[in-house]
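Data first, discussion second: the structure below is written as C-alpha cells.
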Amino acid sequence: MDALDGNICRCTGYAAIRNAARALCEKLGGMNDAPAERLAALIGSGVVPGYFGGIPARLAQLRAAPAAAAKDAVLVAGGTDLFVQRPEQLMESELCFLSKRPDLDYVRVEGDVLRVGGAVTIEDFRLSPTVRRHFPALERDFLLHSSAILRNKATLAGNVVNASPIGDATIILLALDARLVIAGEKGSREVPLSKFYLGYKKTDLACGELVSEIVIPLLPAGARYSFEKVSNRTTLDIAAVNSALRVSTSPDGTITDLRISAGGVAAVPLLLHLDSFKGRKPDAAAIEAIAKAAEGEARPIDDIRGSAAYKKLLLGRLVRAHFAVPAVAGEAV
Ligand SMILES: Cc1cc2nc3c(=O)[nH]c(=O)nc-3n(C[C@H](O)[C@H](O)[C@H](O)COP(=O)(O)OP(=O)(O)OC[C@H]3O[C@@H](n4cnc5c(N)ncnc54)[C@H](O)[C@@H]3O)c2cc1C
C-alpha cells in the first residue's frame, strides 16, 4: 500500500477502486516488465495518456538551479508548495530545478552535526541510515508529513523556505536547533532557523540566495526529543497544531536545555521562550507551568483548522503530551 499511499482519491468509493485495480491487473497480466515496453503498452491500451511517452525526454531538459539562485528564475525543489500556490505564474516563468543539483543531495555527519543538502527530499531524509542512527524517532515522525508520493518530491529545505507556520519539518528542525547555510553570489552565511522567520511568510532570504544546507546538531548525550501533531484528519493532513521538544537534564534531574517549538499558533513557526524553566526538575508542577507558558505565548487565529481558543488549548495538551511519552519521561522504550 505504501506505493499507492496518497494516490487514491476516495471520492469514488472503495468498490470502484477495487474494481479498477482488478481490471488493471487483468490487463497488465503477462505484460513485459521492461519500463519502455511497459509504458508503450500502457499508452497503447489507453491506461495512461500518450504524452506520458515524452516525459523522460522532457525531464532530461529541465534547467538545473545555479550555485546561487538565478534572480530572474523561480527555484523549484519538489514543487509541492509552489505548483499548488501559483500554477499560472509558473507556466509563464523561467524555472530552475534543485532536483538537478546532485551536489546538494546528501546527508552526512561531520563532528557533532548532521549536514543535510538543500535538495534532500523528506523521504530520503526519513530513510537515511545516518538519520536512523542519530535520530531514530524521525523515521516514524516524518510519516506524519503528507503521503509517500509527496514525501518523495517534497524537500526539507522547501518546507523551511515556504515558511508555513505549520510546516512539520520546520517545527521539528526548530526544536532541534537547526541552522541554515544560505548561499548567494557573494558567498555563504549561516542563520539559526529560530532567526529565519521575520513575519508571516517573510524570511531572511534575499533575492538570488538559496538554502544550500541544513545543519542539525546531534542530540547531546541524554537529550530527549518528541514530536506531536494534531490535524482534522488523522493521516495525510496538514496540522492544526504541531509541536516538537528537545530537553536535557543534569544528573540531579534538573533541566539544562529546553526547546519547544509550536506550529499553527502564530504568524511564524514559533520557538517558545522557556529559559526560566532551566534549573527546575520536570515534575508535574513544572510541566503544568510549561504548558501554561506555552498557551500564554500562543497567538493563534480562527481558521478552517480550528478556532483560536481550540488551538491554544491544543498546544497546552501537546506540551503535556511531550513529557508523557516514554522516551521523554525516561522510561524504557
Ligand atoms: C497534498 C499535500 C499535502 C501536504 N502535506 C503536508 C504535511 O503533512 N506537512 C507539511 O509540513 N507540509 C505538507 N505539504 C506542503 C509541502 O509538501 C511541504 O511544505 C514541502 O516540504 C515543500 O517542499 P518542496 O520541495 O515541494 O518545495 P517547493 O514547492 O519546491 O518550494 C517551496 C518554496 O521554497 C523555495 N525553495 C525550495 N527549496 C529551496 C532552497 N533550497 N533554497 C531556497 N528556496 C527554496 C521555492 O522557491 C518556493 O518558494 C503538503 C502539500 C501538499 C500538496
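The values are calculated or read from the model by the stated rules, or taken from the named source; none is laboratory data. Worth saying up front: this structure is predicted, and the values here are computed from it rather than measured. Neighbour counts are summed over all protein chains in view; Cβ atoms, including those assigned to glycine, are modelled from backbone coordinates with ideal geometry. These accessible areas exclude ligands, DNA and RNA; they are computed on the full protein's heavy atoms, side chains included. Shrake-Rupley method; radii C 1.70, N 1.55, O 1.52, S 1.80 Å.
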For residues in the stretch 56-77 being surrounded by fewer than 11 Cβ atoms within 10 Å (Cβ to Cβ) and aliphatic (A, V, I, L, M), which is nearest to A23 (Cα to Cα)?
-> A57
Within the bounds of the stretch 51-59, is there any residue that is outside the structural domain of I166 (by TED's automatic domain parsing), modelled with pLDDT of 90 or more and within 8 Å of the ligand (Cβ to nearest atom)?
-> no
Go through the stretch 231-243 residue by residue and tally those that are in a strand (DSSP E or B) and either more than 12 Å from the ligand (Cβ to nearest atom) or at positive phi (or both).
-> 2
Somewhere in the stretch 276-284, is a residue polar (S, T, N, Q) and open to solvent by 40 Å² or more (accessible area, probe 1.4 Å)?
-> yes
Unmet criterion (only one of (1) more than 10 Å from the ligand (Cβ to nearest atom); (2) at negative phi; (3) over 15 Å from the mean Cα position of the chain (by Cα)) for G222 | (2)
Extreme residue, least open to solvent (accessible area, probe 1.4 Å), among residues of the stretch 89-130 that are over 17 Å from T155 (Cβ atoms) and not in a helix (DSSP H, G or I) | V113
Answer yes if at least one residue in the stretch 254-269 is open to solvent by less than 40 Å² (accessible area, probe 1.4 Å), closer than 25 Å to F135 by Cβ and of a type in the set (D, E, K, R), and no otherwise.
-> yes
Search result, residues across the stretch 136-146 that are in contact (Cβ under 8 Å) with a residue 24 or more places away in the chain and open to solvent by 10 Å² or more (accessible area, probe 1.4 Å) | A137, L144, H145, S146
Considering the stretch 29-65 alone, what residues qualify as being part of a loop (DSSP other than H, G, I, E, B) and basic (K, R)?
-> R63
Kindly indicate the residue of the stretch 132-162 that is farther than 20 Å from G117 by Cβ and of a type in the set (G, A, S) and also nearest to the ligand (Cβ to nearest atom) among those meeting that condition.
-> S146
Which of the residues belonging to the stretch 60-86 are more than 18 Å from L104 (Cα to Cα) and within 12 Å of the ligand (Cβ to nearest atom)?
-> A73, T80, D81, L82, F83, V84, Q85, R86
State which residue is nearest to the ligand (Cβ to nearest atom) when the search covers only the stretch 87-113 and only residues that are among the hydrophobic types (A, V, I, L, M, F, W, C) and at pLDDT below 95.
-> L98
Quick one: in the stretch 163-200, which of the residues that are open to solvent by 10 Å² or more (accessible area, probe 1.4 Å), in a loop (DSSP other than H, G, I, E, B) and not acidic (D, E) is farthest from the ligand (Cβ to nearest atom)?
-> K186
Since G44 meets every condition but one in (1) near the ligand (Cβ under 10 Å from one of its atoms); (2) loosely packed, with under 15 Cβ neighbours inside 10 Å, which condition does it not meet?
-> (1)
